[in-house]
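Engineer: Quick one: structure below, then a few questions.
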């Protein structure tokens, strides 16, 4: 489950909210640290405290190093991708989702915003329009950030984040991480965007609309490309989908392998569905049926898609 925090975004006492949000980032200050301090997983909290004491002797003399250590540690170690950060500013609350690991921008040391995290902006709303519990949680003094564990449920409910769906996504992400680790690392070079990618997304969006209209919860979170195109979150008879835009046998074979692989990966039985253009042959359909895979054919009509269910 995501944790919830509130941040000021005022390093060195300078309001940086507008410029940081324009960059889709948040920053913590304490920029005299270097990049190695930010990314070194072997750096302990005590070593961090010692480094800050050396780098900021004037703050050490004022007894502020413990505060600084806690803030840097929270921002670089405790804050996780997917966590929620709320930024109260000028009567508004900016709701953000953490989208990246800590980074260090050398050209931002002078602004004291070198230590940053990428974020996704969820929504901005007047603080006065928030539920009372959230308004009260955003009142804090003397800290650059605070944890909001005591109002986490209220925040997630307000944002419409389904706890059951989040738990399912986290489980899938962890399983996918283990698969990548077992496979070892490799680089996939960037490729130019092609029309097929957009067609796949349009089919996926149309299928999501159809399933949601039938009252089903649909998840389409992907991690590093290693995830099923869609699956439903149901206690009984959940469905797993792989979408193909081509007609060739290679597309069907790839879809077959993906469906069987992801079912094993998720350690749960699914009603497996290959979603493909209309016209799949009877022989291919029969072989897929032997693997308990149904075929959902689609046709494009008037800028939309019509699905034919088995």
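Engineer: For residue 95, state whether it is in contact with a strand residue (DSSP E or B) (Cβ under 6 Å, 6 or more places away or on another chain), surrounded by fewer than 16 Cβ atoms within 10 Å (Cβ to Cβ) and within 18 Å of residue 26 (Cβ to Cβ).
Structural biologist: So residue 95 does not fit the description; no.
Engineer: In addition: Can you pull out the residues in segment 47-82 that are outside any helix (DSSP H, G or I) and either touching a helix residue (DSSP H, G or I) at 6+ places or on another chain (Cβ under 6 Å) or closer than 20 Å to residue 121 by Cα (or both)?
Structural biologist: 79, 80, 81, 82
Engineer: Right, another one. For segment 106-118, which positions are in contact with a helix residue (DSSP H, G or I) (Cβ under 9 Å, 6 or more places away or on another chain) and surrounded by fewer than 18 Cβ atoms within 10 Å (Cβ to Cβ)?
Structural biologist: Once the filter is applied, which keeps residues that are in contact with a helix residue (DSSP H, G or I) (Cβ under 9 Å, 6 or more places away or on another chain) and surrounded by fewer than 18 Cβ atoms within 10 Å (Cβ to Cβ), segment 106-118 yields 106, 111.
Engineer: For segment 83-102, state whether one or more residues are at positive phi, in contact with a helix residue (DSSP H, G or I) (Cβ under 9 Å, 6 or more places away or on another chain) and either assigned by TED's automatic domain parsing to the domain that holds residue 32 or modelled with pLDDT of 95 or more (or both).
Structural biologist: yes
Engineer: Every residue in segment 268-290 that is surrounded by fewer than 19 Cβ atoms within 10 Å (Cβ to Cβ) and either in contact (Cβ under 8 Å) with a residue 60 or more places away in the chain or not in a loop (DSSP other than H, G, I, E, B) (or both), please.
Structural biologist: Correct list: 271, 277, 282, 283, 284, 285, 286, 287, 289, 290.
Engineer: Being crowded, with 16+ Cβ neighbours inside 10 Å, over 22 Å from the mean Cα position of the chain (by Cα) and at pLDDT below 95 is true for just one of 58, 71. Which residue is that?
Structural biologist: 71
Engineer: For segment 151-159, indicate whether the set of residues that are buried (at least 17 other Cβ atoms within 10 Å of the Cβ), under 17 Å from residue 20 (Cβ atoms) and out of contact with any helix residue (DSSP H, G or I) (no Cβ under 8 Å at 6 or more places or on another chain) is non-empty.
Structural biologist: Within segment 151-159 (the criterion being buried (at least 17 other Cβ atoms within 10 Å of the Cβ), under 17 Å from residue 20 (Cβ atoms) and out of contact with any helix residue (DSSP H, G or I) (no Cβ under 8 Å at 6 or more places or on another chain)), the answer is no, since none of the residues qualifies.
Engineer: Based on this model, can you work out whether residue 228 counts as buried (at least 20 other Cβ atoms within 10 Å of the Cβ), farther than 15 Å from residue 295 by Cα and touching a strand residue (DSSP E or B) at 6+ places or on another chain (Cβ under 8 Å)?
Structural biologist: Judged against the criteria, residue 228 is a match.
Engineer: Might you let me know whether segment 52-62 holds any residue that is touching a residue at least 40 places away in the same chain (Cβ under 8 Å), at negative phi and assigned by TED's automatic domain parsing to the domain that holds residue 15?
Structural biologist: No, every residue in segment 52-62 fails to be touching a residue at least 40 places away in the same chain (Cβ under 8 Å), at negative phi and assigned by TED's automatic domain parsing to the domain that holds residue 15.
Engineer: So which residues in segment 112-166 are within 13 Å of residue 84 (Cβ to Cβ), assigned to a loop (DSSP other than H, G, I, E, B) and in contact (Cβ under 8 Å) with a residue 24 or more places away in the chain?
Structural biologist: Within segment 112-166, 138, 148, 161 qualify.
Engineer: Has segment 250-264 got at least one residue that is closer than 30 Å to residue 100 by Cβ and crowded, with 16+ Cβ neighbours inside 10 Å?
Structural biologist: Yes, some residue in segment 250-264 is closer than 30 Å to residue 100 by Cβ and crowded, with 16+ Cβ neighbours inside 10 Å.
The values are calculated or read from the model by the stated rules, or taken from the named source; none is laboratory data. For clarity, every value in this text was computed on a predicted model and none was experimentally measured. Cβ: placed from backbone, ideal geometry, glycine included. Neighbour counts: every protein chain shown.
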